[in-house]
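What follows is one structure encoded as structure tokens, with my remarks underneath.
Please treat every number below as a calculation from the coordinates, not as lab data. These numbers were taken from a predicted model, which means no experiment stands behind them. Cβ coordinates were reconstructed from backbone atoms using ideal geometry, including for glycine residues, and neighbour counts include every protein chain displayed.
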Amino acid sequence: MFLTMSHLVNNVLHADQMPVVDYPLEQKTMPKGYRGKHRLTQRDDGSVKCVACMMCATVCPALCIHIEAEQHENPAIEKYPKVFEIDLLRCVYCGYCVEACPCDAIRMDSGVYTIFASKREDFVIHKEQLLQMSPQYPEDARPKQGMPPLTES
């Protein structure tokens, strides 16, 4: 009780020294390693890096990832995700999908932590939305793994 009261008195007397973020006008910068909203990475030519191997959807404990694979025209790339959706209301942000991806196609380093919508279907983010996300710290993003571009070789 003494400790609680001492913190209360200290905070009331030194309110100007409290770390305050004027939310929502000011966004807090999340620390490195924070698992925010998902994003899909791209190849050098801007196409999606995912090869629709279903590893992320398989390891997801919340079953929030839905992928529909389609054969690719380029013989160097077997498949790509025609549909890639993540239900953010079901996601538990465990990061298993990031760890399971063999081609580094999905990451959770966007730094976006404010997720809001008025309808349930707005919480399902699609492939195009995932591709538009950018990393919070682009200088610290993992380097590209030398995957082949989608151009004919």
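Computed values, structure above
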{"item": "Sorted peptide list for 46-53, 6-13, criterion being average Cβ within 10 angstrom, highest first", "result": "46-53, 6-13"}
{"item": "In degrees, nearest ten, helix 2-13 long axis to first principal axis of the chain (Cα)", "result": "90"}
{"item": "Cα centre as origin, Lys/Arg/Asp/Glu Cβ charges: the chain dipole, Debye", "result": "340"}
{"item": "Calculated from backbone phi, Karplus (6.51, -1.76, 1.60) coupling profile of the range 125-134 in Hz, x at Gly/Pro", "result": "9, 9, 4, 5, 5, 5, 6, 7, 5, 10"}
{"item": "Charge-dipole axis of the chain as Lys and Arg at +1 and Asp and Glu at -1 on Cβ define it, positive-most pick from Gln17, Ile106, Tyr80", "result": "Gln17"}
{"item": "Placed amide H near Leu88: partners under 5 Å, 5+ positions off or other chain", "result": "Val124, Ile125"}
{"item": "Length added when fully stretched, Asp44-Asn74, from 0.36 nm per residue minus Cα-Cα", "result": "9.3 nm"}
{"item": "Highest-MSF residue in the chain out of Gln17, Gln132, Gln27 [GNM, Cα springs under 10 Å]", "result": "Gln17"}
{"item": "Kirkwood-based Rg to Rh ratio, the chain, C-alpha trace", "result": "1.13"}
{"item": "Cys103/Gln132 FRET efficiency (R0 22 Å; Cβ-Cβ; nearest 0.05)", "result": "0.65"}
{"item": "For the range 83-90, Karplus couplings with θ = phi - 60° (6.51, -1.76, 1.60), whole Hz, Gly/Pro x", "result": "10, 9, 10, 10, 8, 5, 6, 9"}
{"item": "Peptides ranked, highest mean first, by Cβ atoms within 10 Å: ranges 113-122, 77-86", "result": "77-86, 113-122"}
{"item": "Within the chain, helix-based [θ] at 222 nm, where runs of 4 or more DSSP H residues each add -39,500 (n - 2.57), nearest 500", "result": "-4500 deg cm²/dmol"}
{"item": "Under-5 Å amide H pairs with Tyr80, H placed in peptide plane, nonlocal only", "result": "Glu70, His72"}
{"item": "Length released on extending from Val21 to Ala62, taking residue separation times 0.36 nm less the Cα-Cα span", "result": "11.6 nm"}
{"item": "For the range 18-78, size of Cβ-based charge dipole, Lys and Arg +1, Asp and Glu -1, in debye", "result": "420"}
